[in-house]
Amino acid sequence: MEHREKDDSFPPGYLAAWQSLIEGLPDPAMVIGLDFRIILANEAQARLLGRSRDEIVGEFCYRLLHGAEAPPPFCPHVLTQEKGRAQSAQFYEEPLGHVRVTVSPLKGQDGQVLAVFHLINGLDTLEKTREDLLQLEARYRAMIEGFEGFLYICSSDYRIEFMNRAMRSWLGPSGLGRPCYEVIFGQKDVCSWCPNSRVLKGETVRWEIQNPVDRRWYYVISTPISYPEGTSSVMILLLDITRRKELEDSLLKSEIKYRTLVEDVPVGLYWSTLEGEILEANQAVVDILAGSSLGAGIVTASLSEEVTASLAFAVGATNLRM
């Protein structure tokens with residue numbers, strides 16, 4: 001494409017470099033002379049105006065963009081020439097729609113303005129994107145706030161950056177900005193069990209802990225969060241598993257009592273499947289079988305009619321079938 005300005009208006013290669021630059025932009029962009037004639041335009045600008053670039057170059061920008069015979073009062077091009085620095089303006093104009101126009105001066109080596117760089121951002125698209133992002137944020141926030149467990153985010157220096165509703169109800173809003181080890185676990189320094197150093201290296205850590213403050217048990221998932229600017233935080237999810245721990249402890253105590261009772265019974269007791277496979281037997285059964293020609297190994301084997309009969313005859317054993 002030929003550039004329609006005097007040969008000595010720009011340094012050699014200047015416009016070619018700018019044409020290459022604006023062509024890579026997704027938004028409509030132009031280089032406009034001080035006389036308001038369009039010098040360069042990218043393909044996005046041509047699509048926006050519904051014309052070829054050959055039809056655009058050389059035309060007055062205010063005619064193509066505003067359908068006017070002179071720059072409008074809000075024209076950032078005029079302000080850029082007057083003040084020598086970038087200017088912007090927002091307006092609605094057919095066929096542009098709602099747009100933000102940013103104009104920056106292009107200066108020569110002597111500091112004089114040679115032309116202006118003209119960039120158009122469609123605000124309708126930006127507004128739609130903003131609304132979509134707000135809706136997405138609202139959905140995620142509803143999920144986090146509605147979660148029954150405790151969730152918080154802490155920085156690499158252990159300060160709480162975010163708490164969900166359950167966490168705020170537990171600790172109060174004053175927990176924000178304070179060290180997690182102090183607010184949650186009542187410690188004066190970083191907890192000895194804290195896995196954050198591993199998490200900040202990219203590892204997800206799952207663990208259980210009894211909080212020394214409220215003595216309740218929690219299942220904890222610590223996950224790394226990486227931000228675009230290169231910083232990292234840790235997201236921590238806590239589920240109260242105190243009831244589960246109490247049931248596990250109760251079952252363990254019951255099992256210990258049961259085993260003690262069964263082992264102390266002088267009569268041989270064993271459990272088997274309906275097919276006759278012994279699942280468990282007390283010491284009395286083991287001792288009886290160890291003294292017979294069958295040997296103790298029979299405890300883990302399938303029972304035959306002979307073995308069942310000999311046990312019943314020798315000790316009157318009760319076979320508790322499952």
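The values are calculated or read from the model by the stated rules, or taken from the named source; none is laboratory data. Please read all numbers here as calculations on a predicted model, not as lab measurements. So basically every Cβ, Gly included, is an ideal-geometry build from the backbone, and we count neighbours across all protein chains shown. With ligands, DNA and RNA removed, areas are computed over all heavy atoms of the protein, side chains included. Shrake-Rupley method; radii C 1.70, N 1.55, O 1.52, S 1.80 Å.
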Checklist outcome for this item: Out of (1) without any contact (Cβ under 8 Å) to a residue 60 or more places away in the chain; (2) open to solvent by 50 Å² or more (accessible area, probe 1.4 Å); (3) more than 40 Å from the chain's Cα centre (by Cα), the one L34 does not meet is (1)
Checklist entry - Which residue pairs have Cβ atoms closer than 6 Å, lie 6 or more positions apart in sequence or on different chains, and pair a first residue in the stretch 186-199 that is more than 16 Å from S233 (Cα to Cα) with a second residue that is at pLDDT 90 or above and among the hydrophobic types (A, V, I, L, M, F, W, C)? => result G186/V213; C191/F185
Next on the checklist: Checking the structure you have, find out if any residue of the stretch 125-145 is within 30 Å of G58 (Cβ to Cβ), open to solvent by 20 Å² or more (accessible area, probe 1.4 Å) and free of Cβ contacts under 8 Å to residues at least 60 places away in the same chain.
Outcome noted: yes
Checklist entry - Considering only the stretch 180-201, how many residues are within 15 Å of P224 (Cβ to Cβ) and open to solvent by 50 Å² or more (accessible area, probe 1.4 Å)? => result 4
Checklist entry - Of the conditions (1) modelled with pLDDT under 90; (2) open to solvent by 60 Å² or more (accessible area, probe 1.4 Å), V213 fails just one. Which one is it? => result (1)
Checklist entry - In the stretch 84-96, how many are modelled with pLDDT under 85 and loosely packed, with under 14 Cβ neighbours inside 10 Å? => result 5
Checklist entry - free of Cβ contacts under 8 Å to residues at least 24 places away in the same chain, exposed (fewer than 14 other Cβ atoms within 10 Å of the Cβ), assigned to a loop (DSSP other than H, G, I, E, B) and under 44 Å from the mean Cα position of the chain (by Cα) - does that describe any residue in the stretch 7-16? => result no
Item to check | Residues of the stretch 135-153 satisfying the condition of being modelled with pLDDT of 90 or more and under 14 Å from the mean Cα position of the chain (by Cα) | outcome: L151, Y152, I153
Next on the checklist: For the stretch 146-161, give me each residue that is among the hydroxyl-bearing types (S, T, Y) and open to solvent by 30 Å² or more (accessible area, probe 1.4 Å).
Outcome noted: S156, Y158
Next on the checklist: Considering only residues that are small (G, A, S) and crowded, with 17+ Cβ neighbours inside 10 Å, which ones fall in the stretch 219-235?
Outcome noted: S222, S233
Checklist entry - Going by the conditions given, is I160 in contact with a Cys (Cβ under 6 Å, 6 or more places away or on another chain) and either at pLDDT 90 or above or of a type in the set (D, E) (or both)? => result yes
Next on the checklist: Please list, ordered by residue number, the helices (runs of 4 or more DSSP H) wholly in the stretch 241-322 having 3 or more residues that are open to solvent by 40 Å² or more (accessible area, probe 1.4 Å) and modelled with pLDDT of 50 or more.
Outcome noted: 242-264, 283-290
Checklist entry - Just checking, which of S104, S174 is within 23 Å of P28 (Cα to Cα) and small (G, A, S)? => result S104
